[in-house]
Structures are given as structure tokens and as C-alpha cells.
Amino acid sequence: MEYEELTIEGRNAVIEAFRAGKTVDKLYVLDGCKDGPIQTVLREAKKQNCIVNFVKKERLDQMSETGKHQGVIAHVAAYEYSTVEEMLERAGEKGEQPFIILLDGIEDPHNLGSIIRTANQAGAHGVIIPKRRAVGLTATVAKASAGAIHYLPVAKVTNLVKTMEELKKQGLWFVCGDMSGQTMYSLDLTGPIGLVIGNEGDGVSRLVKENCDFAASIPMKGDIDSLNASVAMAILTYEIVRQRLQN
């Protein structure tokens, strides 16, 4: 199946996208432009808490596919985002303990797609991604997920730590993948759980790590010091699955 990259150009088209309730991942606006329609675009963006990037005309010209951007280009999610509440409801409907994957700044769309695919296969109830410094649900992500994007809820949150705090109130506890953690085989990974996977280069950020209950490491014997983020996620996920099956 082909997936179309949803790039919307032009003032009216972008305003209509906002008003139709589309989730705008990123908005690029001509820096210094103050006219009426642009102000309307910015007002709509503020309502949706959308990230606005003010850029020079050359950048917009470069990004434009139509040549008629009128000072504004929006990247719209290829698929609608879910909510964290829907993930918890999904677990409840299945009579299962919540199992949620949280991604701390995954930037590679192929990694995100693979993670969504694995999460779906492993029976996770959803994936949570942050709004900033992370890839959204693009066409490339959709392709890499091999269709799993249609079946697994993905939520986008402003603050990962705050979301974790709210989920802790719902009974979840958190484990992050980290080289300095205890080996995953020595940890009890059962119960309502959130698995946190960090950025491809920097791993899990300090604040997020501090809010995790445990750090789990994957035993490695090779000559390189790390695994691809989606591979690490798959290994940790299936250790959680294994422990759940034994309980």
C-alpha cells in the first residue's frame, strides 16, 4: 500500500486543515510576515499547541512542492493520533495489565515504524512520543510499520515526564533501556508497565531516567557498545512478554 506524505501549502489550505481538526505536526511560517491570514494561521496553531518554525523565504521555496506556499507550509500527520486514555481503555477492554511504550526523542522514521510494528505484535497497548525533537507519524513511518500504524494507538504529548507522573497515578511503573542498568533478566518486569526507549544517539534523557523506577540493560558480548533503538526496544519488549506469559 502506498502512503502519501501529507504536506499542505498555502494560507487557506492550512487554515482549513486546522479547522477540520487535522493534527499538524510542524508548521513553517515566513519569518516577519504579519498579515491577516498568517495571523489567523498562528492563532489556529496556538489553539492546537502546534510547534511553529519561523523560517526565511528561501527555506520555504526549497520545501515547497507546488511553488505556491504563500508563506506557510504545514506537515500533517499521515494518521490521526490517539490519546493515553484510549490506551488504558484498550488494556481494560482486553482484561490486561497496561503495557505502554514511551519514546524519548526517536528521530529516525524507520526506527519509529519498526517500534510501532514490534509493539503491535507484542501486544502493547500503545506508543507515546513527545511533540518536540522527535519524528511524528510520517509516510515513511507508516511504511516502516508495515501497516501496524492502523492498529496501534500512538499518542503525542507535550511533556513526557508529566505523562509518566499521570500514568504512575494509574498504577503504572516504568523501566528504561539503559546500558548502566541492571540486566533485564534480573528484573521483575510484570504488572502495569511503561517501557522507555531513548534517543538513537543520547539514550534516555536525565529527567526522564530519574522518573523511571528501574533501568534495564541488555547483556552484550560484541565489540560495539550499543544496539539500534528499535532492536533494543524489541529485545526488552519480548522479555516483558516472556515474563507476562509465565505469570
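The values are calculated or read from the model by the stated rules, or taken from the named source; none is laboratory data. Being a predicted model, the structure only gives us computed values, none of them experimental. Neighbour counts are summed over all protein chains in view; Cβ atoms, including those assigned to glycine, are modelled from backbone coordinates with ideal geometry. Accessible surface areas use protein heavy atoms only, side chains included; no ligands, DNA or RNA. Shrake-Rupley method; radii C 1.70, N 1.55, O 1.52, S 1.80 Å.
Quick notes on this structure:
- Net charge over other residues, Cβ less than 15 angstrom from the Cβ of K94 (K, R count +1; D, E count -1): -2
- The long axis of helix 84-94 is offset from the longest Cα principal axis of the chain by roughly 50 degrees.
- GNM top mover of I115, I218, I100 - the chain, alpha-carbon springs below 10 Å: I218
- Residue by residue, the range 233-239 carries 3J(HN,Hα) couplings of 4, 5, 5, 5, 4, 6, 5 Hz when phi is fed to the Karplus relation 6.51 cos²θ - 1.76 cosθ + 1.60 (θ = phi - 60°); x denotes Gly or Pro.
- Choice from S82, S205, S230 with maximal GNM fluctuation in the chain (Cα, 10 Å cutoff): S205
- Principal-axis tilt of helix 109-121 within the chain, Cα atoms, nearest 10 degrees: 50 degrees
- Rounded to the nearest 10 degrees, the angle from helix 36-47 to the longest Cα principal axis of the chain is 20 degrees.
- The shape of the range 8-105 can be summarised by an equivalent ellipsoid whose semi-axes, obtained from the alpha carbon gyration tensor, come to 34, 14, 11 Å from longest to shortest.
- Among the GluC sites (Glu not before Pro) found in the range 46-80, those both in a DSSP coil and sparsely packed, with 10 or fewer other Cβ atoms within 10 Å of their Cβ, are E65.
- Carbon and sulfur %, accessible surface of the chain computed with the full protein complex present, 1.4 Å: 48 percent
- Extreme residue, positive dipole direction of the chain, given options A77, C33, A148 (C-beta unit charges): C33
- Dipole moment magnitude, nearest 20 debye, the chain about Cα centre, only Lys, Arg, Asp, Glu C-beta charged: 600 debye
- Two-decimal Rg to Rh for the range 113-247 - Kirkwood Rh, Cα set: 0.93
- Equivalent-ellipsoid semi-axes for the chain (Cα gyration tensor, √(5λ), whole Å, largest first): 36, 18, 16.
- For the range 7-87, applying the loop criterion from DSSP together with a ceiling of 14 other beta carbons within 10 Å to the chymotrypsin sites (Phe, Trp or Tyr not before Pro) yields no site.
- For chymotrypsin sites (Phe, Trp or Tyr not before Pro), the sites in the range 136-243 that DSSP calls loop and that have at most 12 other Cβ atoms within 10 Å are Y151.
- Counting charges near A134 (Lys, Arg +1; Asp, Glu -1) among other residues having Cβ under 13 Å from its Cβ returns a value of -1.
- Cut-off 18 Å, label 7 Å out along Cα→Cβ of L207, residues of the range 143-173 by amide N: 156-168
- Rg to Rh quotient for the range 167-247, alpha carbon positions, Kirkwood Rh: 0.95
- Estimated translational D of the range 71-112 in µm²/s (Stokes, Kirkwood radius over Cα pairs; 25 °C; 0.890 mPa s): 185 µm²/s
- Taking trypsin sites (Lys or Arg not before Pro) in DSSP loop states with no more than 15 other Cβ atoms inside 10 Å as exposed sites, the chain has its longest site-free stretch at 134-220.
- Taking the C-alpha atoms of the range 1-58, convex hull volume expressed per residue in Å³: 96 Å³
- Other residues with beta-carbon under 12 Å from the beta-carbon of N53 carry, at +1 per Lys or Arg and -1 per Asp or Glu, a net charge of +2.
- Reciprocal mean inverse distance between Cα atoms of the range 71-188 - Kirkwood radius, Å: 15.1 Å
- GNM top mover of N111, N211, N49 - the chain, alpha-carbon springs below 10 Å: N49
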